[in-house]
Amino acid sequence: MSILVNKNTRLLVQGITGSEGAYHTSQMLEYGTPVVAGVTPGKGGTKAHGVPVYNTCKEAVAATRANTSIIFVRAPFAPDAIVEAVDAGISLVVCITEGIPVLDMVKVYHYVRLKGARLIGPNCPGLITPGEAKIGIMPGFIHIPGNVGVVSKSGTLTYEVVNALTLKGYGQTTAVGIGGDPIIGTSFIDVLELFQNDPATEKIVMLGEIGGNAEILAAEYVKEHVTKPVVGFIAGQTAPPGKRMGHAGAIISGGEGTAAEKIAAFKKYGIQVADSPAQIADII
Amino acid sequence: MKIHEYQAKDILRRYNIPVQAGLVATTPAEARTIAENFGKSVVVKAQVHAGGRGKAGGVKFSKTPEVAEQNAQNILGMNIKGSTVHKVLVTDAADIQKEFYLGIILDRASKTITVMGSSEGGVEIEEVAKVTPEKIIKVQADPFLGLSDYQARELAFGMGIDSAKVNGFVTITKELYRAYTENDAEILEINPLILTEQGAWLALDAKMVFEDNGMHVRHKASENLRDLGEEEPAEGEARKAGLSYVKLDGNIGCVVNGAGLAMATMDSLKLYGGEPANFLDIGGGAKSDKVAAAIRIILTDPNVKAILFNIFGGITRGDDVARGILAGLSEINTDVPIVIRLVGTNSEAGRKILEEANLKSAETLMEAAQEVVAVANERAKESK
């Protein structure tokens with residue numbers, strides 16, 4: 001078992017003929033991900049890495065019964081791509097694109113929810129169920145199947161932690177990168193709920209960072225609703241206030257969103273906190 | 001991106017939000033001329049991005065042009081929370097009957113544009129939020145319909161605004177909302193929004209922060225409003241190179257791919273007794289030229305005693321990074337020691353390239369962090 005994606009996923013790649021889209025399509029195929037269709041407006045009827053390309057998501061879904069999409073479309077056009085996927089009946093949309101205007105995401109976030117679909121990201125590495133499906137840009141080879149669920153705001157920090165888990169023999173059910181933007185489609189809490197309900201997931205790793213209060217809400221949720229052990233890490237203990245640390249959402253503003261307050265909340269609500277990414281594997 | 005009060009007021013004017021006449025001066029003599037032309041009392045206001053200008057003595061009422069000149073003399077060159085004052089705004093003085101707060105922010109929890117008003121104007125809203133949170137009225141704009149009139153009225157009545165003044169307030173609030181959305185703002189604030197003795201609405205101060213992604217996608221022209229004097233020169237250079245860089249006070253330079261890992265790398269240095277000199281994310285898909293630029297930018301900081309590269313390949317391919325490190329080093333003559341940790345996609349090819357050039361790469365972040373801290377401490381001792 002796993003959450004959100006598995007070997008039955010039927011993946012559509014939006015922006016399949018762009019350089020990132022093409023590269024990662026080949027990587028996902030190599031991993032064994034069932035990539036059934038691609039969409040690039042104007043390139044319908046062609047093939048990319050052997051995958052049929054369509055002009056619209058609607059056509060792609062009708063022809064291939066794709067149920068999940070991954071978006072590599074550039075930021076100015078990505079909000080439209082998310083809406084197109086949802087309108088075509090895709091139930092899970094994973095948006096890798098970085099740099100989407102936040103006010104666009106306000107509308108898109110609520111639109112996706114209204115339509116009953118789920119969005120992961122934007123500005124995220126995607127998600128992977130090891131051995132079954134890689135829907136994202138993470139290096140597949142560092143993951144092995146197992147019983148640890150991983151949820152994180154970051155890309156490469158997740159790779160770091162997963163790599164450490166794998167080296168110690170702790171495999172993963174699913175690793176989900178929810179993204180570092182101020183507005184993201186799927187929150188820590190959403191993923192915690194899925195892991196709690198997934199019988200194969202026995203332990204959970206949660207990686208947060210400075211900015212906003214999503215980690216604090218997640219910690220409260222863990223206390224109330226999660227019976228499985230959770231190990232956490234918060235990046236940005238050395239980050240100064242008022243400065244944006246790379247991720248659009250990673251900023252301490254008005255004295256709020258510090259690593260210290262999030263770590264305190266983790267501890268208060270029974271989440272074990274690691275001092276460094278590598279220590280997570282030791283605690284697990 | 002933050003802009004100055006006078007720039008934010010220019011934007012408010014475009015939305016017919018009442019602001020006083022005002023002109024910018026960069027010398028005391030200019031301030032005097034502007035005051036003479038106004039022919040009445042003025043206020044001279046420091047134009048810096050930092051808050052708390054009034055408390056720092058950066059806002060002065062000036063009854064005559066001579067006083068305005070003297071005040072400008074005192075304020076120009078003043079340091080307010082790390083920012084040097086290069087410009088002052090010389091503006092009409094206003095008779096204040098009542099001060100309010102009106103601001104628009106993005107609320108991350110509700111994922112909405114949230115409009116806030118308070119009867120407690122002219123003081124820091126964070127203070128009000130702490131001390132008397134009940135005095136802040138909030139409404140959430142509908143993501144599809146925007147801000148409705150009734151919501152602006154709810155604010156007005158909640159803030160205790162006199163019935164006769166509610167319509168004027170509603171107009172200002174709706175125009176402010178339009179300015180916020182049309183310009184992709186992150187924060188847009190009028191504090192204080194005042195009623196004058198004559199009963200007219202007036203935006204006495206304005207604060208605006210552009211949301212960087214929205215600005216980049218839709219408002220490239222707003223880049224002209226950036227005050228380069230307000231940022232670290234290296235931060236500006238990094239921005240031009242497409243890198244995310246924040247200068248810090250330590251002595252170990254960091255080059256990392258990914259913001260989360262970059263922060264975790266800085267934290268690891270601290271854990272092993274080091275201090276990071278910077279945050280630097282070379283981003284996804286970083287190529288040789290970006291890595292070379294990253295090294296150049298880090299070395300502009302004379303405190304840097306050693307540099308740590310921590311690259312975990314996902315989008316970023318390890319062989320590209322290795323070539324980038326070599327290209328960057330070949331351009332720069334430096335004896336600053338470098339510790340490199342390279343793992344992930346194409347990392348074996350990358351490590352091979354580094355080994356052929358006699359550069360060593362550490363296996364884990366822990367090893368790399370401990371090694372670079374040791375090297376930096378050694379260097380720091382030598383230079384003492």
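The values are calculated or read from the model by the stated rules, or taken from the named source; none is laboratory data. Keep in mind that this is a model prediction, so the values were computed, not measured. Neighbour counts are summed over all protein chains in view; Cβ atoms, including those assigned to glycine, are modelled from backbone coordinates with ideal geometry. Heavy atoms of the whole protein, side chains included, go into the accessibility calculation; ligands, DNA and RNA do not. Shrake-Rupley method; radii C 1.70, N 1.55, O 1.52, S 1.80 Å.
Things worth noting here:
- Length added when fully stretched, residue B:223-residue B:383, from 0.36 nm per residue minus Cα-Cα: 53.5 nm
- For the stretch B:338-376, backbone nitrogen atoms closer than 12 Å to the point 7 Å from residue B:299 Cα along Cα-to-C-beta are found at B:338.
- Derived from the Cα gyration tensor, the three semi-axes of the equivalent ellipsoid of the stretch B:305-372 are 17, 15, 10 Å, largest first.
- Remark: C-alpha extents of the stretch A:1-117 on the principal axes read 36, 35, 24 Å, sorted largest to smallest.
- Rounded Å value of the spacing that divides the Cα centres of the stretch B:246-267 and the stretch A:83-140: 28 Å
- Shielding of B:361-371 by partner chains, average beta-carbon count, 10 Å: 2
- 222 nm mean residue ellipticity, helices alone, for the protein assembly as shown (DSSP H n ≥ 4; -39,500 (n - 2.57); rounded to 500): -11000 deg cm²/dmol
- DSSP assigns beta bridges within chain B; of those with both partners inside it, close to 75 percent run antiparallel.
- Residue B:249 sits with roughly 140 Å² accessible to a 1.4 Å probe, with DNA, RNA and ligands left out of the calculation.
- One decimal place: the segment residue B:63-residue B:29 gains 10.7 nm when fully extended, by the rule 0.36 nm per residue minus the C-alpha distance.
- For chain A, alpha-carbon Rg relative to the globular expectation (2.2 N^0.38 Å, N residues): 0.97
- Compactness of chain B - radius of gyration and Dmax, Cα, Å: 25.6, 79
- Relative counts (whole %) of C-alpha pair distances in the stretch A:67-192, using bins that are 5 Å wide: 2, 12, 23, 24, 18, 11, 7, 3, 1
- Share of pairwise Cα separations in the stretch B:232-383, more than 22 Å, in percent: 30 percent
- Of the three principal axes defined by the Cα atoms of the stretch A:134-254, the extents in descending order read 41, 33, 24 Å.
- Taking Cα atoms only, the orientation of helix A:102-114 departs from the longest principal axis of chain A by about 80 degrees.
- Per-residue HN-Hα couplings for the stretch A:155-169 [Karplus 6.51, -1.76, 1.60; θ = phi - 60°; Hz; x = Gly/Pro]: x, 5, 5, 5, 4, 4, 5, 4, 4, 5, 4, 4, 4, 8, x
- Residue mean of other protein chain beta carbons inside 10 Å, A:134-145: 3
- For the stretch B:21-53, the residues whose backbone nitrogen is under 17 Å from a point 7 Å from the Cα of residue B:198, taken along Cα to Cβ, are B:21-22, B:38-43.
- Two-site FRET efficiency, residue A:55 against residue B:333, from Cβ-Cβ distance with R₀ of 35 Å, rounded to 0.05: 0.05
- Taking every alpha-carbon pair under 8 Å whose residues sit at least 6 apart, the stretch B:21-92 reaches a relative contact order of 47 percent.
- Protein accessible surface hidden between B and A, which excludes ligands and nucleic acids, total in Å², probe 1.4 Å: 4200 Å²
- For residue B:341, nonlocal amide neighbours, meaning residues 5 or more places apart or on other chains whose placed amide H falls under 5 Å from its own, are B:309, B:310, B:311, B:362.
- The stretch A:187-256-the stretch B:321-368 distance, computed between alpha-carbon centres (Å): 32 Å
- Zero-based 5 Å bins, Cα pair distances in the stretch B:96-223, whole percents: 2, 11, 21, 24, 20, 12, 6, 3, 0
- Loop GluC sites (Glu not before Pro), the stretch B:126-229 (other Cβ atoms within 10 Å of the site Cβ: 11 or fewer; DSSP): B:197
- The stretch B:21-92 - Rg (one decimal) and Dmax (whole number), Cα, Å: 10.8, 34
- Only protein heavy atoms count here; under a 1.4 Å probe, residue B:14 has an accessible surface of about 150 Å².
- The smallest convex shape that holds all Cα atoms of the protein assembly as shown, its convex hull, gives 162 Å³ per residue.
- Nearest-10 value in Å² for the accessible area of residue A:167, using the 1.4 Å probe: 140 Å²
- Proximity of backbone amide H atoms, modeled 1.01 Å from N, is registered between residue A:69 and A:12, A:92, A:93, A:94 at under 5 Å, excluding neighbours fewer than 5 places apart on the same chain.
- Crossing angle, helix A:188-197 versus chain A [Cα axis fit, 0-90 degrees, rounded to tens]: 90 degrees
- Relative contact order of chain A, pairs being alpha-carbon contacts under 8 Å that are 6 or more residues apart, as %: 15 percent
- Normalised by the number of residues in chain B, the mean separation of alpha-carbon contacts (under 8 Å, six or more apart) gives a relative contact order of 12 percent.
- Sorting B:87, A:228, A:107 by accessible area puts them as A:107, B:87, A:228; the probe is 1.4 Å, largest comes first, and only protein heavy atoms count.
- Linear extension gain, residue B:182 paired with residue B:363, 0.36 nm per residue minus alpha-carbon span: 60.3 nm
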